[in-house]
1. Describe numerically, in nm with one decimal, the distance between label points set 7 Å from Cα along Cα→Cβ at D25 and at E67.
2. Can you tell me the FRET efficiency between R37 and D4 if r is taken as the Cβ-Cβ distance and R0 is 22 Å, rounded to the nearest 0.05?
3. Using the beta-carbon distance between K59 and S80 and R0 = 35 Å, what value does 1/(1 + (r/R0)^6) give for FRET efficiency, to the nearest 0.05?
4. So which aspartates and glutamates pass the test for K55, namely a Cα distance under 14 Å, with those fewer than 8 places away in the same chain ruled out?
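Any read-out appearing in this document is the output of simple, stated calculations on the displayed coordinates, not a laboratory observation. What you see is a predicted model, and the numbers here were worked out from it, not measured in a lab. Quick reminder, even Gly has a Cβ in these numbers, built from the backbone with ideal geometry, and neighbours come from all protein chains shown.
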Amino acid sequence: MIVDELIDVLGHGLKRMDMVKMFRDGLDGAEKSAERRSWCFRALGMGAGAAIVGKRAYKQFAEVEREMLRIGITARVALSA
């Protein structure tokens, strides 16, 4: 793993193992934080996409209903004449 290679390379310059542990914990924390944020952004993106698709579907449904109502009114007027 890249983290282990970095620690191997940088660990020689560090004198104490507690500093190596602190470095490793910091990198692990940064990795976990980045994963959480990327998951949140993916979820937000999917939610926004669903909202856009839902709005578009609702508008199309409303247009179809309006057209059907117009056809029904026209048919009623034609039959009553």
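1. The modelled label-to-label distance comes out at 6.5 nm.
2. 0.40
3. 0.65
4. E63
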